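The structure appears right after this line, and notes come after that.
The values are calculated or read from the model by the stated rules, or taken from the named source; none is laboratory data. Please read all numbers here as calculations on a predicted model, not as lab measurements. Note that each Cβ is placed from the backbone with ideal geometry, even for glycine, and that neighbours are counted across all protein chains shown.
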Amino acid sequence: MSKAALQLKESCERPQFEAELLLAYHLGKERTWLMIHDRDEVVDIKGFEELIARRAAHEPYEYIVGEVSFYDIHLAVELGVLIPRPETEILIDLVADIIEKERITRIAEIGVGSGAISVVLARKFPQLKIVATDICDTPLKVAAQNIAKYGLQEQIALRKSNLIDVVREPVELVVSNPPYIAEDFLLESNVIDYEPKEALFGGRVGDELLKQIIVDVKKRGIRWLACEMGYDQKAPIADFVKEVGVQSINFYKDLAGHDRGFVIDFGKGVK
Ligand SMILES: C[S@@+](CC[C@H](N)C(=O)[O-])C[C@H]1O[C@@H](n2cnc3c(N)ncnc32)[C@H](O)[C@@H]1O
(Lines give C-alpha, C1' and ligand atoms only; values in the text may rest on other atoms or scores of the structure.)
Protein backbone atom coordinates (compact mmCIF):
# COMPACT_ATOMS: atom_id res chain seq x y z
CA MET A 1 0.00 0.00 0.00
CA SER A 2 2.76 2.47 0.85
CA LYS A 3 4.09 1.94 -2.70
CA ALA A 4 0.71 3.07 -4.09
CA ALA A 5 0.65 6.09 -1.76
CA LEU A 6 4.17 6.99 -2.88
CA GLN A 7 3.02 6.99 -6.52
CA LEU A 8 0.25 9.46 -5.61
CA LYS A 9 2.56 11.91 -3.81
CA GLU A 10 2.73 14.38 -6.70
CA SER A 11 -0.93 14.24 -7.72
CA CYS A 12 -2.82 14.20 -4.38
CA GLU A 13 -2.84 16.17 -1.16
CA ARG A 14 -3.62 13.02 0.87
CA PRO A 15 -1.89 10.18 -1.00
CA GLN A 16 -2.29 7.50 1.69
CA PHE A 17 -5.98 8.27 2.12
CA GLU A 18 -6.69 8.24 -1.62
CA ALA A 19 -4.69 5.04 -2.13
CA GLU A 20 -6.87 3.42 0.54
CA LEU A 21 -10.05 4.78 -1.03
CA LEU A 22 -9.01 3.40 -4.42
CA LEU A 23 -8.13 0.02 -2.93
CA ALA A 24 -11.50 -0.12 -1.15
CA TYR A 25 -13.21 0.81 -4.45
CA HIS A 26 -11.19 -1.83 -6.31
CA LEU A 27 -12.19 -4.51 -3.80
CA GLY A 28 -15.81 -3.33 -3.58
CA LYS A 29 -15.45 -2.83 0.18
CA GLU A 30 -15.66 0.01 2.71
CA ARG A 31 -12.36 1.71 3.61
CA THR A 32 -12.76 0.52 7.23
CA TRP A 33 -12.76 -3.11 5.98
CA LEU A 34 -9.12 -2.63 4.97
CA MET A 35 -8.06 -2.03 8.58
CA ILE A 36 -8.80 -5.61 9.64
CA HIS A 37 -7.63 -7.17 6.36
CA ASP A 38 -4.36 -5.30 5.97
CA ARG A 39 -2.36 -8.51 5.55
CA ASP A 40 -4.62 -10.03 2.87
CA GLU A 41 -3.30 -10.46 -0.66
CA VAL A 42 -4.85 -7.88 -3.05
CA VAL A 43 -7.07 -9.59 -5.63
CA ASP A 44 -6.28 -8.51 -9.24
CA ILE A 45 -3.32 -6.36 -8.23
CA LYS A 46 -2.87 -5.27 -11.87
CA GLY A 47 -6.35 -3.74 -11.89
CA PHE A 48 -5.52 -1.83 -8.70
CA GLU A 49 -2.21 -0.63 -10.15
CA GLU A 50 -4.09 0.71 -13.18
CA LEU A 51 -6.35 2.78 -10.93
CA ILE A 52 -3.31 4.16 -9.10
CA ALA A 53 -1.61 5.00 -12.42
CA ARG A 54 -4.70 6.96 -13.55
CA ARG A 55 -4.78 8.96 -10.32
CA ALA A 56 -1.00 9.50 -10.49
CA ALA A 57 -1.60 11.02 -13.95
CA HIS A 58 -3.91 13.57 -12.20
CA GLU A 59 -7.20 12.04 -13.32
CA PRO A 60 -9.78 13.18 -10.72
CA TYR A 61 -10.78 10.52 -8.20
CA GLU A 62 -14.46 11.09 -9.06
CA TYR A 63 -13.96 10.14 -12.74
CA ILE A 64 -12.07 7.00 -11.75
CA VAL A 65 -14.83 5.76 -9.45
CA GLY A 66 -17.63 7.31 -11.57
CA GLU A 67 -19.32 9.00 -8.63
CA VAL A 68 -19.29 12.18 -6.55
CA SER A 69 -20.82 13.01 -3.22
CA PHE A 70 -22.68 16.33 -3.44
CA TYR A 71 -25.08 17.98 -0.99
CA ASP A 72 -27.08 15.04 0.43
CA ILE A 73 -26.78 12.71 -2.59
CA HIS A 74 -24.37 10.66 -4.72
CA LEU A 75 -24.26 11.52 -8.42
CA ALA A 76 -22.84 9.58 -11.34
CA VAL A 77 -20.11 11.49 -13.22
CA GLU A 78 -17.89 10.62 -16.16
CA LEU A 79 -15.46 12.32 -18.55
CA GLY A 80 -17.34 15.04 -20.42
CA VAL A 81 -19.28 16.19 -17.35
CA LEU A 82 -18.12 18.73 -14.77
CA ILE A 83 -17.55 17.31 -11.29
CA PRO A 84 -19.91 19.39 -9.11
CA ARG A 85 -18.06 21.59 -6.62
CA PRO A 86 -18.98 22.13 -2.94
CA GLU A 87 -19.39 25.93 -3.46
CA THR A 88 -22.39 25.26 -5.74
CA GLU A 89 -24.26 24.06 -2.64
CA ILE A 90 -24.41 27.73 -1.54
CA LEU A 91 -26.18 28.67 -4.79
CA ILE A 92 -28.69 25.87 -4.19
CA ASP A 93 -29.46 27.11 -0.66
CA LEU A 94 -30.02 30.68 -1.88
CA VAL A 95 -32.36 29.48 -4.62
CA ALA A 96 -34.19 27.22 -2.16
CA ASP A 97 -34.86 30.25 0.07
CA ILE A 98 -36.40 32.19 -2.85
CA ILE A 99 -38.48 29.19 -3.97
CA GLU A 100 -39.83 28.84 -0.45
CA LYS A 101 -40.51 32.55 0.21
CA GLU A 102 -42.01 33.26 -3.21
CA ARG A 103 -43.84 29.90 -3.48
CA ILE A 104 -42.24 29.29 -6.85
CA THR A 105 -43.30 26.16 -8.72
CA ARG A 106 -41.59 26.45 -12.13
CA ILE A 107 -37.91 27.12 -12.76
CA ALA A 108 -35.26 26.55 -15.41
CA GLU A 109 -31.62 25.58 -15.05
CA ILE A 110 -29.03 26.53 -17.67
CA GLY A 111 -26.10 24.11 -17.98
CA VAL A 112 -27.39 21.10 -16.07
CA GLY A 113 -24.10 19.11 -16.15
CA SER A 114 -24.47 16.05 -13.91
CA GLY A 115 -27.85 17.35 -12.72
CA ALA A 116 -26.44 18.41 -9.34
CA ILE A 117 -28.49 21.60 -8.90
CA SER A 118 -31.76 20.38 -10.41
CA VAL A 119 -31.72 17.01 -8.63
CA VAL A 120 -31.13 18.56 -5.20
CA LEU A 121 -33.81 21.24 -5.74
CA ALA A 122 -36.36 18.74 -7.06
CA ARG A 123 -35.80 16.53 -4.01
CA LYS A 124 -36.25 19.52 -1.67
CA PHE A 125 -39.48 20.67 -3.39
CA PRO A 126 -41.65 17.80 -4.63
CA GLN A 127 -44.08 20.28 -6.28
CA LEU A 128 -41.32 22.01 -8.26
CA LYS A 129 -41.13 21.57 -12.06
CA ILE A 130 -37.74 22.18 -13.67
CA VAL A 131 -36.68 22.52 -17.30
CA ALA A 132 -32.92 21.94 -17.40
CA THR A 133 -30.82 22.64 -20.48
CA ASP A 134 -27.34 21.83 -21.67
CA ILE A 135 -25.59 22.44 -24.95
CA CYS A 136 -23.59 19.15 -24.79
CA ASP A 137 -24.79 15.56 -25.11
CA THR A 138 -22.76 13.85 -22.36
CA PRO A 139 -24.11 16.06 -19.54
CA LEU A 140 -27.66 15.47 -20.79
CA LYS A 141 -27.06 11.70 -20.77
CA VAL A 142 -25.50 11.69 -17.29
CA ALA A 143 -28.13 14.09 -15.88
CA ALA A 144 -30.83 11.71 -17.20
CA GLN A 145 -29.16 8.83 -15.31
CA ASN A 146 -29.05 10.83 -12.08
CA ILE A 147 -32.64 12.04 -12.48
CA ALA A 148 -33.77 8.43 -12.98
CA LYS A 149 -31.70 7.24 -10.00
CA TYR A 150 -33.72 9.53 -7.74
CA GLY A 151 -37.02 8.97 -9.57
CA LEU A 152 -37.42 12.63 -10.59
CA GLN A 153 -38.47 12.17 -14.25
CA GLU A 154 -41.87 13.76 -13.55
CA GLN A 155 -40.26 16.89 -12.13
CA ILE A 156 -37.23 17.54 -14.35
CA ALA A 157 -37.40 17.83 -18.15
CA LEU A 158 -34.08 17.89 -20.02
CA ARG A 159 -33.57 19.91 -23.22
CA LYS A 160 -30.61 20.24 -25.54
CA SER A 161 -30.41 24.02 -25.90
CA ASN A 162 -28.20 27.05 -26.04
CA LEU A 163 -29.05 28.81 -22.75
CA ILE A 164 -32.89 29.00 -22.52
CA ASP A 165 -33.49 29.27 -26.28
CA VAL A 166 -35.82 26.25 -26.36
CA VAL A 167 -37.49 26.78 -22.98
CA ARG A 168 -40.88 28.03 -24.13
CA GLU A 169 -42.98 27.43 -21.04
CA PRO A 170 -43.29 30.16 -18.40
CA VAL A 171 -40.81 29.95 -15.51
CA GLU A 172 -40.41 32.22 -12.51
CA LEU A 173 -36.71 31.74 -11.80
CA VAL A 174 -33.55 30.71 -13.66
CA VAL A 175 -30.57 29.17 -11.89
CA SER A 176 -27.20 28.61 -13.52
CA ASN A 177 -23.63 27.67 -12.77
CA PRO A 178 -22.39 28.48 -16.26
CA PRO A 179 -18.85 28.29 -17.60
CA TYR A 180 -17.23 31.51 -16.34
CA ILE A 181 -13.44 31.08 -16.57
CA ALA A 182 -11.36 33.31 -18.87
CA GLU A 183 -9.84 31.58 -21.91
CA ASP A 184 -6.22 32.16 -20.84
CA PHE A 185 -6.62 31.33 -17.12
CA LEU A 186 -4.11 28.71 -15.99
CA LEU A 187 -5.86 25.71 -14.45
CA GLU A 188 -4.41 22.72 -12.61
CA SER A 189 -3.74 19.54 -14.56
CA ASN A 190 -6.58 17.56 -12.94
CA VAL A 191 -9.02 20.20 -14.25
CA ILE A 192 -7.67 21.29 -17.64
CA ASP A 193 -6.58 17.82 -18.78
CA TYR A 194 -9.81 16.07 -17.79
CA GLU A 195 -12.83 18.33 -17.30
CA PRO A 196 -14.82 19.48 -20.37
CA LYS A 197 -13.79 22.85 -21.82
CA GLU A 198 -17.47 23.64 -22.52
CA ALA A 199 -18.09 23.52 -18.77
CA LEU A 200 -15.13 25.73 -17.85
CA PHE A 201 -14.56 28.59 -20.25
CA GLY A 202 -17.10 31.40 -20.57
CA GLY A 203 -15.29 33.28 -23.35
CA ARG A 204 -12.17 35.43 -23.80
CA VAL A 205 -12.85 37.48 -20.65
CA GLY A 206 -14.87 34.72 -18.94
CA ASP A 207 -18.10 36.57 -18.11
CA GLU A 208 -19.55 36.64 -21.65
CA LEU A 209 -22.04 33.81 -21.09
CA LEU A 210 -23.10 35.22 -17.70
CA LYS A 211 -23.92 38.56 -19.35
CA GLN A 212 -25.86 36.83 -22.13
CA ILE A 213 -27.86 34.91 -19.51
CA ILE A 214 -28.74 38.18 -17.71
CA VAL A 215 -29.94 39.72 -20.99
CA ASP A 216 -31.93 36.63 -22.06
CA VAL A 217 -33.65 36.18 -18.70
CA LYS A 218 -34.67 39.84 -18.54
CA LYS A 219 -35.93 39.75 -22.15
CA ARG A 220 -38.10 36.73 -21.31
CA GLY A 221 -39.76 38.59 -18.43
CA ILE A 222 -38.54 36.11 -15.80
CA ARG A 223 -38.32 37.74 -12.38
CA TRP A 224 -35.46 35.88 -10.64
CA LEU A 225 -31.94 34.89 -11.76
CA ALA A 226 -29.35 33.19 -9.54
CA CYS A 227 -25.88 32.44 -10.89
CA GLU A 228 -22.48 31.28 -9.75
CA MET A 229 -19.57 33.41 -11.06
CA GLY A 230 -15.79 33.82 -10.82
CA TYR A 231 -14.13 35.45 -7.78
CA ASP A 232 -13.09 38.49 -9.89
CA GLN A 233 -16.38 39.13 -11.72
CA LYS A 234 -18.34 41.18 -9.16
CA ALA A 235 -17.34 44.62 -10.51
CA PRO A 236 -17.96 43.87 -14.23
CA ILE A 237 -21.31 42.21 -13.45
CA ALA A 238 -22.35 45.10 -11.16
CA ASP A 239 -21.53 47.60 -13.96
CA PHE A 240 -23.35 45.49 -16.53
CA VAL A 241 -26.59 45.22 -14.55
CA LYS A 242 -26.63 49.02 -14.13
CA GLU A 243 -26.86 49.25 -17.92
CA VAL A 244 -29.40 46.43 -18.21
CA GLY A 245 -31.60 47.65 -15.36
CA VAL A 246 -32.60 45.41 -12.45
CA GLN A 247 -34.64 45.96 -9.31
CA SER A 248 -31.84 44.56 -7.12
CA ILE A 249 -28.71 42.44 -7.26
CA ASN A 250 -27.18 40.72 -4.25
CA PHE A 251 -23.74 39.20 -4.49
CA TYR A 252 -22.71 36.30 -2.26
CA LYS A 253 -19.37 34.82 -1.19
CA ASP A 254 -18.12 31.25 -0.91
CA LEU A 255 -16.77 29.71 2.29
CA ALA A 256 -13.24 30.92 1.47
CA GLY A 257 -14.59 34.50 1.44
CA HIS A 258 -14.35 34.96 -2.35
CA ASP A 259 -17.12 36.59 -4.36
CA ARG A 260 -18.88 33.61 -5.93
CA GLY A 261 -22.25 34.60 -7.37
CA PHE A 262 -25.34 36.76 -7.39
CA VAL A 263 -29.11 36.79 -7.19
CA ILE A 264 -30.96 39.28 -9.39
CA ASP A 265 -34.55 40.37 -8.83
CA PHE A 266 -35.71 41.99 -12.07
CA GLY A 267 -38.95 43.00 -10.33
CA LYS A 268 -42.55 42.02 -10.90
CA GLY A 269 -43.86 42.45 -14.45
CA VAL A 270 -40.29 42.86 -15.76
CA LYS A 271 -39.65 43.34 -19.50
C1 LIG B 1 -19.87 24.73 -14.90
S2 LIG B 1 -20.83 23.44 -15.65
C3 LIG B 1 -22.11 23.28 -14.43
C4 LIG B 1 -22.71 21.91 -14.34
C5 LIG B 1 -23.69 21.72 -13.17
N6 LIG B 1 -24.81 22.61 -13.24
C7 LIG B 1 -22.96 21.93 -11.84
O8 LIG B 1 -23.17 22.96 -11.19
O9 LIG B 1 -22.17 21.06 -11.48
C10 LIG B 1 -21.58 24.31 -16.98
C11 LIG B 1 -22.48 23.49 -17.90
O12 LIG B 1 -23.02 24.38 -18.89
C13 LIG B 1 -23.05 23.76 -20.15
N14 LIG B 1 -23.05 24.83 -21.17
C15 LIG B 1 -22.01 25.51 -21.68
N16 LIG B 1 -22.41 26.43 -22.57
C17 LIG B 1 -23.78 26.35 -22.61
C18 LIG B 1 -24.80 27.03 -23.34
N19 LIG B 1 -24.49 28.02 -24.19
N20 LIG B 1 -26.08 26.67 -23.15
C21 LIG B 1 -26.41 25.67 -22.28
N22 LIG B 1 -25.49 24.98 -21.57
C23 LIG B 1 -24.19 25.31 -21.71
C24 LIG B 1 -21.80 22.88 -20.14
O25 LIG B 1 -21.90 21.84 -21.08
C26 LIG B 1 -21.77 22.40 -18.69
O27 LIG B 1 -22.45 21.17 -18.54
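For the stretch 224-271, filtering for residues that are within 22 Å of Pro170 (Cα to Cα) and among the charged types (D, E, K, R) leaves 3.
The single residue among Glu62, Glu18, Glu87, Glu67 that is under 23 Å from the mean Cα position of the chain (by Cα), in the same structural domain as Arg123 (by TED's automatic domain parsing) and surrounded by 13 or more Cβ atoms within 10 Å (Cβ to Cβ) turns out to be Glu87. Taken over the stretch 166-176, the residue count meeting the criterion of being more than 11 Å from the ligand (Cβ to nearest atom) and surrounded by fewer than 20 Cβ atoms within 10 Å (Cβ to Cβ) is 4. Among the criteria (1) surrounded by 23 or more Cβ atoms within 10 Å (Cβ to Cβ); (2) not in a strand (DSSP E or B), the one Pro179 does not fulfil is (1).
Of the residues making up the stretch 177-192, just one is in contact with a Phe, Trp or Tyr (Cβ under 7 Å, 6 or more places away or on another chain) and away from the ligand (no atom under 12 Å from the Cβ), namely Glu183. Please work out if Lys242 is more than 16 Å from the ligand (Cβ to nearest atom) and surrounded by fewer than 17 Cβ atoms within 10 Å (Cβ to Cβ). It is true that Lys242 is more than 16 Å from the ligand (Cβ to nearest atom) and surrounded by fewer than 17 Cβ atoms within 10 Å (Cβ to Cβ).
The single condition from (1) surrounded by fewer than 23 Cβ atoms within 10 Å (Cβ to Cβ); (2) away from the ligand (no atom under 13 Å from the Cβ) that Gln233 fails is (1). Within the stretch 31-44, identify whether any single residue is in contact with an Asp or Glu (Cβ under 7 Å, 6 or more places away or on another chain), within 16 Å of the ligand (Cβ to nearest atom) and not charged (D, E, K, R), and answer yes or no. Checked against the condition, which is being in contact with an Asp or Glu (Cβ under 7 Å, 6 or more places away or on another chain), within 16 Å of the ligand (Cβ to nearest atom) and not charged (D, E, K, R), the stretch 31-44 yields no hits at all.
Going by the conditions given, is Phe262 free of Cβ contacts under 8 Å to residues at least 24 places away in the same chain, closer than 24 Å to Val167 by Cα and out of contact with any Leu (no Cβ under 7 Å at 6 or more places or on another chain)? So Phe262 does not fit the description; no. Within the stretch 33-59, can you find the residues that are farther than 25 Å from Ile83 by Cβ and in a helix (DSSP H, G or I)? Correct list: Trp33, Met35, Ile36, Ile45, Lys46.
Reported count of residues in the stretch 193-220, each being within 14 Å of the ligand (Cβ to nearest atom) and basic (Lys, Arg), is 2. Residue under question is Val77, and the condition is that it be within 11 Å of the ligand (Cβ to nearest atom) and buried (at least 17 other Cβ atoms within 10 Å of the Cβ); does it hold? Yes: the conditions hold for Val77.
Contact annotation: residue pairs with Cβ atoms under 8 Å, 6 or more positions apart or on different chains, pairing a residue in the stretch 146-158 that is surrounded by fewer than 21 Cβ atoms within 10 Å (Cβ to Cβ) with a partner that is assigned to a loop (DSSP other than H, G, I, E, B), are Gln155/Pro126; Gln155/Leu128.
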